[in-house]
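Worksheet: the structure to be examined is printed underneath.
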Amino acid sequence: MIYWLRSPKASSGSGEYLKRALCDYLTRVRGMKISAQQIPVSRSPAGRPYLSRDFGTEFSVTHTANWWICAVGASQDGPVGIDAEEKERRVRKTEALAGRFFSEQEAEILAGLPEKEAEQIFLRMWVRKESYLKYTGTGLAGGMNTFSTAERDEDGAVRFRRSIFPQGGRAGGEAEFTEVNLSEELYVVLCRRAGVKDRETEIWKLM
């Protein structure tokens, strides 16, 4: 499930929103009787929030501008990772940034593109990379330049990969990317284990 909220407190209120989303999921889907205040969200040494294994629940959170978004799922289906960016966000010097943070293949794709096109492709690559690193649990320490999310096809057009095999981290098996149509203003990408049954994703506005 994906929960979202548009709020001027998207960043500062993240902890409160997360507990409300987890409470809704645990009561609605898992049938648990629990309040938001009773949910014990812990943090890893790297700062990643998580629930104990007793809850059998995986989640991932992102926020950009006034948007707060959270993906929640069952642990048996594997971890999840989600990221979002505003489509109109300006990215200066995409070629230099890609050369520093992205794979060589991705940097070559961005090299020489018109500024606006380069910005959009850069953002689409970025949300895939962030969602994947959240999926593996490694975060930015996992290295954005260690994998590619896009390539050129035989006609030279940019093609974004639908899946990727994890390298390290806590996730095993092939991971797949799903573009989430949440708003025309955003690029939103969900990363999760490939091949899991019942892949329909419900989207709920957090109340």
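The values are calculated or read from the model by the stated rules, or taken from the named source; none is laboratory data. Just so you know, these numbers come straight off a predicted model, no measurement behind them. Here Cβ is always computed from backbone atoms with ideal geometry, including for glycine, and neighbour counts include all displayed protein chains.
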Out of all the residues in region 133-142, is one or more basic (Lys, Arg), farther than 19 Å from Glu184 by Cβ, crowded, with 17+ Cβ neighbours inside 10 Å and within 21 Å of the chain's Cα centre (by Cα)?
-> yes
Scan region 85-111 for residues that are basic (Lys, Arg), touching a strand residue (DSSP E or B) at 6+ places or on another chain (Cβ under 9 Å) and surrounded by fewer than 15 Cβ atoms within 10 Å (Cβ to Cβ) and jot them down.
-> Lys87
Positions within region 1-52 being at pLDDT 90 or above, of a type in the set (Lys, Arg) and over 24 Å from Glu200 (Cα atoms), in sequence order = Lys33
Residues (assigned to a loop (DSSP other than H, G, I, E, B) and among the charged types (D, E, K, R)) located in region 93-111 | Lys93
Which strands (runs of 3 or more DSSP E) sit wholly inside region 117-207 and have at least 1 residues that are without any contact (Cβ under 8 Å) to a residue 12 or more places away in the chain, of a type outside the set (Phe, Trp, Tyr) and more than 20 Å from Thr64 (Cβ to Cβ)?
-> 158-160
In region 1-50, which residues are on the phi > 0 side of the Ramachandran plot and over 21 Å from the mean Cα position of the chain (by Cα)?
-> Gly31
For Ile82: the one exception among (1) loosely packed, with under 14 Cβ neighbours inside 10 Å; (2) touching a residue at least 60 places away in the same chain (Cβ under 8 Å) = (1)
